[in-house]
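Visitor: Before we start, here is the structure in question, set down as structure tokens.
The values are calculated or read from the model by the stated rules, or taken from the named source; none is laboratory data. Keep in mind the model is a prediction, meaning the values are calculated, not measured. All Cβ positions, glycine included, derive from the backbone under ideal geometry; neighbour counts span all protein chains shown.
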Amino acid sequence: MKNQNVDKSLWDVCELEKDFFVLRAKNESSKKLTKKHNTNIDHIQFHFCLKGQLDFMYNNSTYTFNVNEENAILLFNPDKNLPIEVNIFPRSWLISILVPIKKFHSFFSESANHISFLNPDNNAKKFYDSVSFPPSMAVVLSQILNTNIHDSIKVLYFKGKVYELLGLYFNRSENKSIENCPFLLIEENVIKIKLAKDIVLDRMANPPTIDDLASEIGLSASKLKEGFKKIYGNTIYSYLLDYKMEEARRMLESKKSNINEIGHNLGYSTASHFITAFKKKYGTTPKKYLMSVS
């Protein structure tokens, strides 16, 4: 298991069993990151974009798969190895699952032929699938990405979540009235929480109170706070602060606005309040940061 965490960005590779991997990535920087990981020819690859945009490049960039927020791709080619090379755009999140084909087949009963590439006529052929994933899967993916669980039980935790995730992935065509969300009464609530996130970011200069936001989306304040933290791994206002600081850094680098204007656009009543928040986040003042990128 290896972990690289710089500037709150994340690149973590966890081997659950031999050749059975979970890859987690967060790009919280202002620049595109490129990451690589070797694969075996018998790997089935699942790639989930929780946020932002990803570009997967294969065969020396001959083939490129663009994956946008709340979408996933599945790849399997028994004739050619497909090592991973992915561009992770700023403020983008990725979960990848790499499963050996024999291990993958062991997850299913002999009656699982309704899954097209498990059918005996197809299970030695290359396969590609692209889907948007539902809120129930988004919750599990967020739990995998944002967990703070102790290293001693991380593998056990990830195994359970990966099995849950794959179960939801291949059950998505079943009865949609079956409740899959592990912490909310109905999946509609997850959609409401995502709406709350959009509202807060859209009005970041003057965000609503928790009570007003809860009323606007039609949830109780307690369910909103609980659900938001489970999906996004942070409280509402901490998430907003991180977003504001990323916006501040982007605006500084663009050099189109001065420090007073940036602070005002982000909702700070005085430049000194903005400077204090920026320094607390990045350990330097906006002026010094601007000088460092000039």
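Visitor: Among the residues of the stretch 20-31, count how many are more than 15 Å from the chain's Cα centre (by Cα) and either more than 25 Å from D79 (Cβ to Cβ) or in the same structural domain as R249 (by TED's automatic domain parsing) (or both).
Guide: Qualifying residue count, the stretch 20-31: 2.
Visitor: Taking the options K229, K244, K255, name whichever one is outside the structural domain of K31 (by TED's automatic domain parsing) and modelled with pLDDT of 85 or more.
Guide: Result: K244 is the single residue among K229, K244, K255 that is outside the structural domain of K31 (by TED's automatic domain parsing) and modelled with pLDDT of 85 or more.
Visitor: Kindly evaluate I236 against the criterion of being β-branched (V, I, T) and more than 23 Å from T209 (Cβ to Cβ).
Guide: No, not satisfied.
Visitor: List, please: which pairs have Cβ atoms under 9 Å, are six or more places apart or on different chains, and start with a residue in the stretch 155-167 that is in contact (Cβ under 8 Å) with a residue 40 or more places away in the chain and end with one that is in a helix (DSSP H, G or I)?
Guide: As it stands, the answer is F158/I144; V162/V140; V162/I144; L165/M137; L165/V140; L165/L141; L165/I144; L166/F104, since those pairs meet every condition given.
Visitor: Just for the stretch 268-294: of the residues that are closer than 21 Å to P90 by Cα, of a type in the set (S, T, Y) and assigned to a helix (DSSP H, G or I), which one is modelled with the lowest pLDDT?
Guide: Within the stretch 268-294, the match that is modelled with the lowest pLDDT is S292.
Visitor: Let me ask something else about it. Six or more apart or on different chains, Cβ under 8 Å: which pairs go from a residue in the stretch 190-204 that's at positive phi to one that's among the β-branched types (V, I, T) and crowded, with 18+ Cβ neighbours inside 10 Å? Could you list them?
Guide: none
Visitor: F56 - would you say it is more than 19 Å from the chain's Cα centre (by Cα) and surrounded by 20 or more Cβ atoms within 10 Å (Cβ to Cβ)?
Guide: Taking the combined requirement at face value, the residue does not satisfy it.
Visitor: On to the next question. How many residues does the stretch 172-214 contain that are modelled with pLDDT of 55 or more, surrounded by 13 or more Cβ atoms within 10 Å (Cβ to Cβ) and not acidic (D, E)?
Guide: Counting residues in the stretch 172-214 that are modelled with pLDDT of 55 or more, surrounded by 13 or more Cβ atoms within 10 Å (Cβ to Cβ) and not acidic (D, E) gives 20.
Visitor: Which ones in the stretch 226-267 are in contact with a Ser or Thr (Cβ under 9 Å, 6 or more places away or on another chain), closer than 24 Å to N148 by Cα, not hydrophobic (A, V, I, L, M, F, W, C) and not in a loop (DSSP other than H, G, I, E, B)?
Guide: Of everything in the stretch 226-267, those that are in contact with a Ser or Thr (Cβ under 9 Å, 6 or more places away or on another chain), closer than 24 Å to N148 by Cα, not hydrophobic (A, V, I, L, M, F, W, C) and not in a loop (DSSP other than H, G, I, E, B) turn out to be K229, K230, Y232, E246.
Visitor: Can you give me the number of residues within the stretch 51-100 that are in a strand (DSSP E or B) and among the small types (G, A, S)?
Guide: 3
Visitor: Here's a follow-up. Looking at (1) more than 19 Å from the chain's Cα centre (by Cα); (2) acidic (D, E); (3) at pLDDT below 90, which is the one condition that is false for E70?
Guide: Just one mismatch for E70, condition (1).
Visitor: Does N265 satisfy the condition of being at pLDDT below 85, surrounded by 15 or more Cβ atoms within 10 Å (Cβ to Cβ) and of a type in the set (S, T, N, Q)?
Guide: No: the conditions fail for N265.
Visitor: When the stretch 268-294 is examined, which residues are found to be under 23 Å from S9 (Cα atoms), of a type in the set (K, R) and surrounded by fewer than 15 Cβ atoms within 10 Å (Cβ to Cβ)?
Guide: K279, K280, K288
Visitor: While we're here: Can you name the residue in the stretch 104-149 that is among the small types (G, A, S) and modelled with pLDDT of 70 or more and, of all such residues, is farthest from the chain's Cα centre (by Cα)?
Guide: Applying the filter and picking the extreme gives S106.
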